[in-house]
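The next block holds one structure in the form of structure tokens; read it before the comments.
Bear in mind these aren't lab numbers, they're just calculated from the coordinates by the rules spelled out. Since the structure is predicted, the reported quantities are computational estimates derived from the model, not experimental observations.
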């Protein structure tokens, strides 16, 4: 889409670079998501359904966190609305998110820049 401020190409060529450059690199947005630099994380979100004790139990059971660490993460979910509970490869994070869904928790995979 053409930006009227001229920051994204021109009406004649919407795909043109927004600013002059060498043109030798691939723009971050053009790279496949799997190849972007950064860290994949599993984000657990607050919900109105699950008890705090249950969320802590899930973190201890699935991730092997100590009681103290599980409660710390659970409180972050409760107070901040979300918490990063694991990080690693995209495939591992997708596995963790699926597990959280099976436990009834709301979770997403995110790419942290």
Part-to-part distance (alpha-carbon centres) for the range 65-82 and the range 91-105, which is given in Å: 17 Å
Calculated diffusion of the range 48-112, Stokes-Einstein form, Kirkwood radius summed over Cα pairs, 37 °C and 0.692 mPa s, µm²/s: 275 µm²/s
Extended-chain gain in nm, criterion 0.36 nm per residue less alpha-carbon gap, residue 76 and residue 54: 6.5 nm
